[in-house]
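Participant: Shown below is the structure under consideration.
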Amino acid sequence: MLLAGFLGLAVCFWAAVRPEPQPDVEKAARSPAARAADRTATAESDRQLDRLKAALPWASPLGTTVADVCTTSAVNHMGFARQRWNPVTCTRTSTAYLAFDGDFRQHLVLLDTALAGAGWRTDDRLPLRTPEPPGLAAAFDYGHQPPGDATAAQIAEAAARPDVATVRYTLPNGTGYAPPPGADVAPAGPGATVEVVRAPHLPALDDGTSAHDLTLKYPTVRTSWFVDWQPCSRAELAAAYPAHSAVVAVSLRFPYHATQ
């Protein structure tokens, strides 16, 4: 009887702590609901990028990357807690690269005007000492700002910093687009990052390449499924120089589906 009781307790314990089965990411990504949501997110992402590029006639397109991926991850737990998984969530990241010439800061002001006209709102809260509203020009000024009571060497160092401006944005929802439902907490809505760099620097923002490279590094860990993958290599971006003096990267992220 003692043995039977021990075995019964062991069975109950295993039932309580045995790992939860991993969600089938590919199946979720191929579901009719996910495919329909992906089409809506793709159309809205393309619309936003096309509208912005039309407002930048002075910028030459270099290429566009697309990283459309559905993924899940294990929930962190301690002790004998049951292994659980987060729901499958999907995000389409589209990044347009453009090149331009001329005064660097002046073009940042033009970009700020175009982004504000498109309804994009800055998502950064920088302790700026400039009269401009938060945006690329203000971020550029802040990045080259020496400390208070700066020495001549500190002023020179601040002026010599790389010409880079990076700002995060929240995007307006287009007609018919709705953020996806979540399990416990709804995923974030559409967002964007804009980075502008002067030669010889290249944009450092992640356009989805890191997640894709991770799947290549660990091919047996099937926690991600790429619905669409269209890369733009660093060599292609570097080819913009010396014909142009600066590069703009505009990266849009649209979450479009989450399993419940």
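The values are calculated or read from the model by the stated rules, or taken from the named source; none is laboratory data. Please read these numbers as outputs of a predicted model, since none were measured by experiment. Cβ atoms come from the backbone with ideal geometry, glycine included; neighbour counts cover every protein chain shown.
Participant: Consider residue 223 against the criteria (1) touching a Ser or Thr at 6+ places or on another chain (Cβ under 6 Å); (2) under 27 Å from residue 170 (Cα atoms); (3) at pLDDT below 95: it satisfies all of them except one. Which criterion is unmet?
Facilitator: Among (1) touching a Ser or Thr at 6+ places or on another chain (Cβ under 6 Å); (2) under 27 Å from residue 170 (Cα atoms); (3) at pLDDT below 95, the lone unmet condition for residue 223 is (2).
Participant: Now for a separate question. Only residues in segment 233-260 that are modelled with pLDDT under 95 count as the first member; pair them with residues that are in a strand (DSSP E or B) and surrounded by fewer than 17 Cβ atoms within 10 Å (Cβ to Cβ), Cβ under 7 angstrom, at least 6 apart or cross-chain, and list the lot.
Facilitator: Filtered contacts from segment 233-260: 236/63.
Participant: Among the candidates 211, 192, 204, 165, single out the residue that is under 18 Å from the mean Cα position of the chain (by Cα), of a type in the set (A, V, I, L, M, F, W, C), at pLDDT 80 or above and under 19 Å from residue 29 (Cβ atoms).
Facilitator: On inspection, the qualifying residue turns out to be 211.
Rundown of residues vs (1) among the basic types (Lys, Arg); (2) in a strand (DSSP E or B); (3) in contact with a strand residue (DSSP E or B) (Cβ under 7 Å, 6 or more places away or on another chain), yes/no style:
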{"position": "33", "(1), (2), (3)": "no, no, yes"}
{"position": "42", "(1), (2), (3)": "no, no, yes"}
{"position": "53", "(1), (2), (3)": "yes, no, yes"}
{"position": "66", "(1), (2), (3)": "no, yes, yes"}
{"position": "96", "(1), (2), (3)": "no, yes, yes"}
